[in-house]
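Read-outs: derived from the displayed coordinates by stated rules, not from any lab. As the structure is a computational prediction, the values presented were derived from the model and not from experiment. Using ideal geometry, Cβ is built from the backbone for each residue, glycine included, and neighbour counts are taken over all protein chains shown.
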């Protein structure tokens, strides 16, 4: 093994040698530069390998041939080697990224860069406290100079402010060091810790540690003493910002980690609090930020705050080992790679405004990595941060630190607001045609390597994480990776065939593995997946980005069913969310809707994670099996509520629904049925899981309220649907209402109620897929969503008309189609339960559904044809195939519901023995107090109605003369053509009277509520960030003010 | 001895006062320097032991008896390092100020506030 | 006592025939009464027969398309289907039709079958006034359904059953057992709903587009109109019978059925000639006020 001291010798030596060898030419000096960085990386990797694979124990390296305290010693253990390896590899890749920049500036930048890296390595390795000061200053000086070396005004200003702050920080650091020395008589950190100065009770020790920690907190850029840092991130060359943000903070974090044991619990707590406040404040301020690199700065500082908080908490709860080591490394490595990557991409894009980042679309590879980095920062699977956040939440829950969990999740959610919004701009914001981004192999390859490293580490996490076995995802993720790689090569239809084959394969493999509810949902997810993929054959070209997203979503959905423990479930949930987000945002005007979808989903997901953590704790703290939901011992109502709200964001219950209409309506035509008919059922599955668990504890009150919520959701959804002019929005609101029925039926908590819920879930899957496919295909054909621009299409599109007709009859619940079964079960259920008033609301909303269903079919297919659509042909066969498969399914289950319901009933009985539905042949009957209550004979009803209909049709045919066909004319009022196109369609706004009567129920109160929240957050953000007024002097003031704040908070003013 | 410690803290305070009140960037840097000097004085005064001499091994201080005759050498070594580093930083800051002045013809820190919020 | 399917079908058809003729006569009588109240002499009471024959024998016919053609079929199927699902005479195995196929929920939702089909047919006609009529009709119907549902919930709970036959059975044994007296709130709510369902004044603005000579039924003519007219007579009687079964003790003989249903239907006509007309938004709001209150009282005090 190479002595680690050579890292320092190499960097220092070559650094000083470079100005001399410059005379030999650029090639030589550049080769030396890279050779140095490479050797340093190799040395650190070699040690890392030794520690991980060979189980090497940690080592001390002594200088000057004597042992401490007389000499300085370096320590190299697993943690040190991880950090220096990360730093040195990043430094190497960063050098590749920056080499052109450096060559423009001259050899001094190479030297400065090597010195900076030297400083960072030293910070990690040294065990001497004064040495920390020295390395901090080496890093500082070389960084200031490196930032300013491009001589741009902005970098100079930023660097100037940085120097002032750094100068102040080093004053306090020196004070701290000298007082500590005075107190302990040594400069060796281990010696100091052994002397435990705080135990001595001397005031001077307290002051010393105060100064020491304070100085490091300034270097950690904690809120509010961090205005200068933002300027640094904004103004520096993004390549350097990336290094500072990743490697620089890594080294300082590690330095702080080394001296942390000097503190006591009070300090650990304070540091954690400062960290979390920074995390939240920084992210809030980021919301208002429009400048890309400054925004990354905010995000960077926020992440540092989170790391600091995790570290503080780790020390508070017994030191950084085991769980906390895992947590901090996972959070650290995500931030480390992702932030460097994002800064570097910013250096390629070179657009100041985040709204102009759409140019990234010109480079799919960069776009892919940008997304990956952002999702890694947000802690989505498969990235390491996901595992870290989960363990953090779980560990904190074990310590009953619920406020901490709330704060961490809140901060993460706020961070998601701006990152996801930004990514939305990148994907969708309009761009000038001639805009380009920088080309150049060095920068691209650096980002590419960094991204590859991120995915490699993520892969290792997926395989080797200690939480649970995620092997289910192995092949699907490989398949997704394959789809990503070939995305720009294979034509759409091949990918479509592969995707359908993949889903079919999993259907075949898992067909017998699921039972009960899981089986039903497996049918919905897999059959739904295959059916909704079929229309994809219409698409010409490559359809870049669609298939990976769709498969991620379906893998997530399937993962929900496979999951045996809460972590796998949550992983699946997040995969599903990512996939569906990317599907939804594909629509032309989807950007804001996809954003709100993502935020609601994420908020819900965090609640679910929180709920799971609580489940783990309050079921005895043993393991994370999903079945623990059934053995929660205390606080069950709280846990139930959290999980329920989490799942209800997905099912879009009233109040949490505002994301749905836009997201479903603006999605592509074959995506709408995926996200509406299939995806929403994931929330239903979750609800079923927790409701089964609720049988073991008392959540009656909450479930009762959920019943009301379901009823109100149903009514509001249907009313709002009635007032829509946009066909797909109408269907989207209708989905909200249908999910309201399902929630209501589930909340009834009886055999017949659950039967109704599952019957509704299945039927909604069928008829909503049918309607969205049919209407979506028409929308594609006509290129408009507005129903008043359509009309009379029955003649051009008879097959679509039949689909919609079947769809609306099934949805409305008119006998003899399957919807009536739902109504019958639901009425029986709520009457037997005694929920008359809620039931009446459900009944009312059921009738309101007729309003929009009639409007839908009438406006699109009936009446006179619009002139411009006279030549329109029937929609593509690929849209019709799945529709007619669904129609067959609807017909079968309408005529013989028992084949499905009988089985459903069997396994519901084991959970809910009340209010059984009894089958006699094909006749279903319900009983009240042992007495026959209601009867439903589906086949008979079908036959009777069929016979009557056919008889009367024949009667009409017999009685009719040859009917004369009437041709339509355009409608023109008083020989004038009205200006607004909608008024020429007579079913535009046809329910105006209804709006007059009941419109107050459909006022956008909830939308207003959420916009109020959004506006408030933005104003708070704008208010807080004015703290950073750009004045370097003010920043010094902040630093001193920060000291006063910490002093008063920490010691309550009583130290001196 | 305590007097020197107090002097150090006074210099520190004066330095911070200068940094916070002066608008001229050079004066701010002077404030920083004064504060640094204050810290250095504090460091030395902490290492000082009454009635002892400087830790220089020469004829006045025999090697065998050095431990009992000289003050703690370490703070003095630290101060030397700190001074060197301080000089380097100050030189760098001043050179930046010159650059800034060339760009904008102003030494007032209030004129360099483009980046904010 | 079991009877064979064939017997059942024959008796059901016979019942339909009776109801059909009774409905035609009743329609004539009612129109005569309305005319007399208005101070006119009025039509002969057999006028509906004449109209029907005339309509079925028209020699010209037009169509706007398949759905237009099927509209009346849907509508009439709705009427006849409803008849087939309602038990007519209590205590007789011959006059129960096919009511064993379902319960009152089936009846409630089957009402929509005809309405929906008719609405679609008229929609294809493309006549703007049809759409106005339909939109008003649907809107009014949603509001009417609220007190109606509450009333039905109330009596389902009261009698522990959803089966219409059992509801009638529970009301036997004297007038004091009628729902009218045992559960007056439900009956009030239900009868308000009945007014809305029958669409006489004050709730007949739905029919207004028909009065200007271009509403759905005038767009439909000849055989179509014949079917619609046939449906209307059947439907009026069937609806009255349904309310009779639910609220007024049902009927044990055809005579009782005819008398009761006549008066039940007459109530709507009576109110209709007395009151002026509401606008649709007024109707919707009105039904969500007083009838709703009675409906809630009905479910609360059952």
So the FRET efficiency between residue A:891 and residue A:920, C-beta based with R0 = 35 Å and rounded to 0.05, is 0.90
Computed over chain A: longest principal axis from alpha-carbon atoms vs helix A:292-316 long axis, angle to nearest 10 degrees, is 80 degrees
Extension gain residue A:63-residue A:445, at 0.36 nm per residue separation less the Cα-Cα distance, in nm?
133.7 nm
Averaged over every viewing direction, what's the projected area of the C-alpha convex hull for the stretch A:597-729? Give it in nm², one decimal, please.
8.2 nm²
Can you tell me which of C:267, C:104, C:258 moves the most in a GNM of chain C? Springs connect C-alpha atoms under 10 Å apart.
C:267
Here, the stretch C:5-300 modelled as identical Cα point scatterers in vacuum has Debye log10 I(q)/I(0) at q = 0.07, 0.08, 0.11, 0.15 Å⁻¹ of -0.26, -0.34, -0.66, -1.27
At what distance in nm do the modelled label points of residue A:264 and residue A:795 sit from each other, each positioned 7 Å from its Cα along Cα→Cβ?
9.1 nm
When the chain is fully extended, how far beyond the present Cα-Cα distance does residue A:1037 get from residue A:932, taking 0.36 nm per residue of separation?
29.7 nm
Folded to 0 to 90 degrees: helix A:249-259 orientation relative to chain A principal axis, Cα:
60 degrees
Residue with peak Gaussian network fluctuation, chain B [Cα springs, cutoff 10 Å], from B:79, B:61, B:29
B:61
Two decimals is fine: what is log10 I(q)/I(0) at q = 0.08 Å⁻¹ for chain A, from a Debye sum with one equal scatterer on every Cα and no solvent?
-0.85
Could you check the simple spin-label distance between residue C:18 and residue C:53, using points 7 Å along Cα→Cβ, in nm with one decimal?
2.5 nm
Please work out the C-alpha center-to-center distance from the stretch A:253-277 to the stretch A:127-179 and express it in whole Å.
21 Å
Descending Cα extents along the principal axes, the stretch A:534-582, whole Å:
41, 17, 11
Degrees, to the nearest 10: A:107-125 long Cα axis against longest axis of chain A:
90 degrees
Solution diffusion estimate, µm²/s, Stokes-Einstein, the stretch A:57-175, Kirkwood Rh from C-alpha pairs, 37 °C, viscosity 0.692 mPa s:
209 µm²/s
Counting pairs of alpha carbon atoms under 8 Å apart in space and at least six apart in sequence, what relative contact order in percent does chain A give?
9 percent
Kindly state, to the nearest 0.05, the FRET efficiency for residue A:1009 paired with residue C:300, given R0 = 35 Å and r defined as their beta-carbon distance.
0.65
Percentage relative contact order, the stretch A:471-947, counting C-alpha pairs under 8 Å, at least six apart
14 percent
What number results when the radius of gyration of the stretch A:471-947, computed over Cα atoms, is divided by 2.2 N^0.38 Å?
0.93
Starting from the Cα of residue A:325, move 7 Å in the Cα-to-Cβ direction to define the label point; list residues of the stretch A:74-112 whose amide nitrogen is under 19 Å from there.
A:75-87
Tell me what chain A gives for mean residue ellipticity at 222 nm when only DSSP H runs of n ≥ 4 count, each as -39,500 (n - 2.57), the sum divided by the residue total, rounded to 500 deg cm²/dmol.
-24000 deg cm²/dmol
Considering the zone a paramagnetic label at residue B:68 would reach in this model (a point 7 Å from Cα along the Cα-to-Cβ line), which residues of the stretch B:32-58 have amide N under 13 Å from it?
none
Normalised by the number of residues in the stretch B:2-111, what is the relative contact order in percent for Cα pairs under 8 Å and 6+ residues apart?
28 percent
So what's the back-of-envelope 222 nm ellipticity for chain B, counting only DSSP H runs of four-plus at -39500 (n - 2.57) apiece and dividing by all residues, rounded to 500?
-23000 deg cm²/dmol
Could I have the simple spin-label model distance between residue C:3 and residue A:433, label points 7 Å from Cα toward Cβ, reported in nm to one decimal?
8.1 nm
Take the alpha-carbon centre of the stretch A:775-821, take the same for the stretch A:629-699, and report the distance between them in whole Å.
28 Å
Distance between the stretch A:408-469 and the stretch C:123-202 - C-alpha centres, whole angstrom
60 Å
If you take the alpha carbon radius of gyration of chain B and divide it by 2.2 N^0.38 Å, what ratio comes out, to two decimals?
1.44
Within the set B:28, B:44, B:83, GNM on chain B using Cα springs under 10 Å gives the largest fluctuation to B:83
